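The values are calculated or read from the model by the stated rules, or taken from the named source; none is laboratory data. Just so it is clear, the structure is predicted and the values come from calculations on it, not from any experiment. Using ideal geometry, Cβ is built from the backbone for each residue, glycine included, and neighbour counts are taken over all protein chains shown.
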Ligand SMILES: [Zn+2]
């Protein structure tokens with residue numbers, strides 16, 4: 001196992017570290033001890049990468065540096081899908 005390389009995972013709802021378990025099929029799963037949501041470890045890993053990338057893009061292209069051409073539509077496009085992530089990368 002390469003645990004050193006895995007990012008720290010947090011439940012996006014509770015901001016707590018989920019527990020790693022194994023389901024009946026023998027698959028690695030991740031379970032939030034607070035809200036109880038669970039997902040396959042593979043899926044969680046992908047989602048964390050996606051949310052981390054999304055967060056990076058959001059920070060590097062923040063509202064102040066947004067091209068002015070987009071300013072007139074910013075109200076309708078702001079807050080893309082950041083809330084849809086169930087799992088995020090911790091620090
Ligand atoms: Zn949770």
> Out of all the residues in the range 12-20, is one or more under 11 Å from the mean Cα position of the chain (by Cα), buried (at least 16 other Cβ atoms within 10 Å of the Cβ) and within 12 Å of the ligand (Cβ to nearest atom)?
Replying inline: yes
>> Whether any residue in the range 25-32 is touching a helix residue (DSSP H, G or I) at 6+ places or on another chain (Cβ under 9 Å), closer than 16 Å to residue 90 by Cα and at pLDDT below 95 is what I want to check.
In response: no
> Is the range 46-59 home to any residue that is near the ligand (Cβ under 10 Å from one of its atoms) and either at pLDDT 95 or above or farther than 17 Å from residue 90 by Cβ (or both)?
Replying inline: no
